[in-house]
Amino acid sequence: MRTNSFDATVHERLSDLGQRVLNGGRIEREDALWLFQLEDTADIFELMAWANRIRERYKGNKIHLCSIVNAKAGACSENCSFCAQSAHYQTSSPKYGFVDPEPVQNALTEAQQNQVTAVGLVAAWRGLNEGPMLDEVCDRISEMKASGKSRPDASLGLIKTQKVADRLKAAGLECYGHNLESSRRFFPQTCSTHTFDDRLETIGYLKKAGIKICSGGIIGMGETREDRCDLALSLREIGANVCPINILNPIPGTPFEKLTPLPPMEILKTIACFRFLLPRQEIMIAGGRTVNLRDLQSMIFAAGASALMVGNYLTTLNQSVDKDLQMLKDLGLDPNWEGHDFADQEPGNSGCGEKTCETATVTA
C-alpha cells in the first residue's frame, strides 16, 4: 500500500486535510506541497471530491459571473511574457486608445441581461497616475456605478500613490484586479519591467483605500507545482477576496508561444488545491479555460471553483454565455448573486444564502 512520510495512506491524509478545512482549520505549506504533488488519477479525483465539499460548505450552490471591457488595448510598455498586448512583441492583438462611454454602457447592458454581476474595466498600460487619464477613468467608473446595471470593477495596472487608489474608491470602484501572476521565485521569468514587490505595493494602496482585491495568477507558464503552491499561499497572505486562475493560452509572437499546454487533469488538480488553501475566497476560472479544458470545463466546479469569467477575454475568444449558463443549470448551480456583497464568510456559515465576497476581472 502506498504511504506518505507520516506513515498514513493517501486516502487517510486527504480525509484528514479535507476535514480540517471543513472544520475551519487551515493547510500549511508542507501539506499543501503534498497536495500539489499528487499524481494518480484516483487520488486527484478524491482531492477534487473534498474540494467540492469545501466549496459547498462555504459557497453553497452560488456561482458568481463576471465579464470585462477592454478599455484600452495594445501597445503596453510592460514585457509580460504571456501577454499579446505588450509593445515588446509582434502579435495580431488589436490596438486602440481609451474607450468612450457608449461601448462600456453596452457591455453593462449585455452583462445585466446575462446575470453577470460585475464588469471590469481593463486597460493595457503600465499603470494609472494622477492626471487627465485618472479623471477620465474615474468618470467612466462613476458612469458604470450610476447605471445600476452591474458592479463596476477595474484592472488598470500598477498604482504608485495612495491618492490614486483613494480617487478610484471615491468614484465608486469596489474591487480591483491585480494578479501576482506566479510565485515570487518565478515572477522574474514572466516580466522584467516591474517586480513582484511593485504588485504588492499596488495591492497595499488599494486595501488601504477600502477596495476589495481580486488577485490570482496564470498557470502553465513553465512554473513548477511548488510555484503554484506558493502563489496560493501568497494570495492567502495578502487577503485576496477573489482569486482568478488563468491557464496559459500561448499566443504566437509572445515568448511563451511554444510552451506545452497543461493537461486538463493537472489544471483540475490545481483548482482543487487552491480551494483547500483558500476555502472562503472566490476561486474564479478565467482566461484559457475553453482551449485548455475543452470537454472538461464543467468539472471546474467539482474541483472547487465558485466563480467564472464569461464573455470573451482580452485577446482570445470564449464559449458563448448561453452555453455557460446552460452548463451551470445542468449542474444545479445558481448564477443569481443579486443582493450579495463582499462580506467575508465566517467559518460557521454554509455559504448558501449568506453574504460573501464576489469577483472582479483579471489581468491576463
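The values are calculated or read from the model by the stated rules, or taken from the named source; none is laboratory data. Predicted, not measured: the structure shown is a model, and the values here were computed from it. Ideal geometry is used to build each Cβ from the backbone, glycine not excepted, and the neighbour counts take in all protein chains shown.
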For Gly216: the one exception among (1) surrounded by fewer than 22 Cβ atoms within 10 Å (Cβ to Cβ); (2) of a type outside the set (Lys, Arg); (3) under 20 Å from Gly304 (Cα atoms): (1)
Members of region 143-180 that are at pLDDT 95 or above, in contact with a helix residue (DSSP H, G or I) (Cβ under 6 Å, 6 or more places away or on another chain) and either of a type in the set (Ser, Thr, Tyr) or assigned to a strand (DSSP E or B) (or both): Leu158, Ile159, Tyr176
Kindly indicate the residue of region 111-136 that is part of a helix (DSSP H, G or I) and in contact (Cβ under 8 Å) with a residue 24 or more places away in the chain and also nearest to Ser67 (Cα to Cα) among those meeting that condition. Ala111
Are any residues in region 31-89 charged (D, E, K, R) and under 16 Å from Gly18 (Cβ atoms), and if so, which ones? Asp31, Asp43, Glu46, Arg53, Arg55, Glu56, Arg57, Lys59
Between a residue in region 137-158 that is in contact (Cβ under 8 Å) with a residue 12 or more places away in the chain and farther than 25 Å from Gly216 by Cβ and any residue that is hydroxyl-bearing (Ser, Thr, Tyr) and surrounded by fewer than 18 Cβ atoms within 10 Å (Cβ to Cβ), which pairs come within a Cβ distance under 7 Å, given they are 6 or more apart or on different chains? Lys149/Thr109
Evaluation of Ser67 against (1) in contact with a strand residue (DSSP E or B) (Cβ under 9 Å, 6 or more places away or on another chain); (2) assigned to a loop (DSSP other than H, G, I, E, B) (one fails), failing number: (2)
Filter pass, Leu331 being touching a helix residue (DSSP H, G or I) at 6+ places or on another chain (Cβ under 7 Å), surrounded by fewer than 19 Cβ atoms within 10 Å (Cβ to Cβ) and at pLDDT 90 or above: yes
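Matching residues to (1) crowded, with 24+ Cβ neighbours inside 10 Å; (2) at positive phi:
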site	(1), (2)
Asp135	no, no
Met144	yes, no
Lys149	no, no
Leu158	no, no
Ser192	no, no
Glu201	no, no
Gly204	no, no
Gly220	no, yes
Glu223	no, no
Before we move on, is Gly74 at pLDDT 85 or above and surrounded by fewer than 22 Cβ atoms within 10 Å (Cβ to Cβ)? no
Inside region 277-300, can you point out the residues that are buried (at least 21 other Cβ atoms within 10 Å of the Cβ), modelled with pLDDT under 95 and more than 15 Å from the chain's Cα centre (by Cα)? none
Does Gln326 count as at pLDDT below 95 and in contact with a helix residue (DSSP H, G or I) (Cβ under 7 Å, 6 or more places away or on another chain)? no
Among the residues that make up region 72-81, is at least one of them of a type outside the set (A, V, I, L, M), farther than 18 Å from Ala286 by Cα, touching a residue at least 40 places away in the same chain (Cβ under 8 Å) and not in a loop (DSSP other than H, G, I, E, B)? yes
Against the condition closer than 21 Å to Ala286 by Cβ and hydroxyl-bearing (Ser, Thr, Tyr), how does Ser183 come out, does it pass? yes
Could you pull out every one of the helices (runs of 4 or more DSSP H) wholly within region 5-59 that has 3 or more residues that are over 25 Å from the mean Cα position of the chain (by Cα)? 10-22, 41-59
